[in-house]
1. Per residue, how much space in cubic angstrom lies within the convex hull of the C-alpha atoms of the stretch 120-225?
2. So how far apart, in nm, are the two label points at residue 206 and residue 278 if each is 7 Å from Cα heading toward Cβ?
3. Could you grab the relative contact order for the stretch 74-225? Cα pairs under 8 Å, six or more apart, rounded to a whole percent.
4. Which net charge results for the neighbourhood of residue 244, defined as the other residues with beta-carbon distances under 12 angstrom from its beta-carbon, given Lys and Arg at +1 and Asp and Glu at -1?
5. If you take the square roots of the eigenvalues of the alpha-carbon gyration tensor of the stretch 46-113 and sort them as a ≥ b ≥ c, do you get rounded (a/c under 1.5), prolate (a/b over b/c) or oblate?
6. In Å and on Cα atoms, what radius of gyration and Dmax does the chain show?
7. Return the carbon/sulfur percentage of the accessible area of the chain, one whole number, probe 1.4 Å, all protein chains in place.
8. List the residues, sorted by chain then number, that are 5 or more residues from residue 143 or on another chain and whose placed amide H is less than 5 Å from its amide H.
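The values are calculated or read from the model by the stated rules, or taken from the named source; none is laboratory data. Every value quoted in this text rests on a predicted model; they were computed, and no experiment measured them. With ideal geometry, Cβ positions are generated from the backbone for all residues, glycine too; neighbour counts draw on all protein chains shown. Heavy atoms of the whole protein, side chains included, go into the accessibility calculation; ligands, DNA and RNA do not. Shrake-Rupley method; radii C 1.70, N 1.55, O 1.52, S 1.80 Å.
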Amino acid sequence: MTTTTTPQTITAAAAGTWRLGDLTVNRIGFGAMRLPQQGAALRADAVPSDRARSIAVLRTAVELGVNHIDTAAFYFSPLRSANELIGRALAPYADDLVIVTKVGPTRVPSGEWGEHARTPEALRAQVEENLRQLGRDHLDVVNLRITGTDSIADRFGALAELREAGLIRHLGLSNVGPAHLDEALAIAPVVCVQNPYGIGAPAAQEEMLRLCGEKGIAFVPFYAIAGAGRETGAGGAESEEVLAVARERGVSAAQVRLAWTLHRGPHVLAIPGTGDPAHLVDNVAAGALRLTDTELARLDGPTKSA
C-alpha cells in the first residue's frame, strides 16, 4: 500500500520570536492597514472590503501562528474599521495575542485627514477610542506616530502617564529618528520602533535599525514589501536582483523582501498586511525562507552602492 503526504503548513513560529517588554511574539506578524478596503489604504473614497473575507483573513492569520497584529483607529474605509474587524474576528482574544496600535494621526469620519493629536487630552481620546473599538480594558502596545522633527517629550510623556494609569502596557514609537528615541527613553521604556524600511533603505533608516538592535528594542519595518508604493501597495517595477532570487528559489518577490528584512537582525519584526488569503499564507511562509550569504550580498548590492 502506498501513502501520500501533503506539505506541512508553515506557521509564523518558523521566523523565531522576540519580546516586546514581557510579551513574546513571533517575528512574522500581520498589519491590518489593508483590511478595511480594496486597493489603496487611507483614502476617503476607498472601496470597502468584503467583510467576511477580511474576517476570514484575520482568523487564518491566527491559525497560522500570528500573534502580533498591528492596527490603528484611523485604519478605516466608509464601511469598515480594522479595529472592529479584529474584534469581530478574534474576540475573546487569546492570551498570547499581542495587538499593537498607534496614535497621533487623525482622520475625521469622512475619511479626510485632520490635525495630529498633540495634547494629552487628544492623545487620551485616541487611546480610549482604540480601547472601545477593540473591546479591551488596556492596550498591549501603543506607538506614538509622528511627523516632523520637533520634540515629542510632551506627547510621549502623556502616553507614559496613561501607561502608569494602566490603560497601556507598553510604549513604542513610529516614524522617528535617533533624537526622538533618546528623548522618549529618558521618559519611559520603549519596546519597539516602527519605521519605513526595506531593500534599498537609505543610511538614516539603516542607522535606526542598528540603534534599536544595540538597545534591545524591536525594529518593525512598514512598507517592507510595498516600498515606494506605500499605501497603494506593491505594484511598481521590481528590481532584477529581487526577481532573480525569487525565480531561483521558486518564491515570490514579496517573500524575498520579507526574508531579507528578517535577516537584518533578530530584533526585526515583520508586519506584512493583506486582504488576500493566498498572500497571507505566502507572507507567513516567508519566515521560513533562509537566504544564503551570496543571495544577501546580491540583494544588498543596490543598497550598498546607493
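1. Per residue, the Cα convex hull of the stretch 120-225 comes to 104 Å³.
2. Reported label-point gap for residue 206 and residue 278 is 3.6 nm.
3. 17 percent
4. -2
5. The shape class here is oblate.
6. So, for the chain, Rg and Dmax equal 18.9, 71 Å respectively.
7. Carbon and sulfur atoms account for 53 percent of the accessible area of the chain.
8. When sequence neighbours closer than 5 places are left aside, the close amide H contacts are 101, 102, 103, 172.
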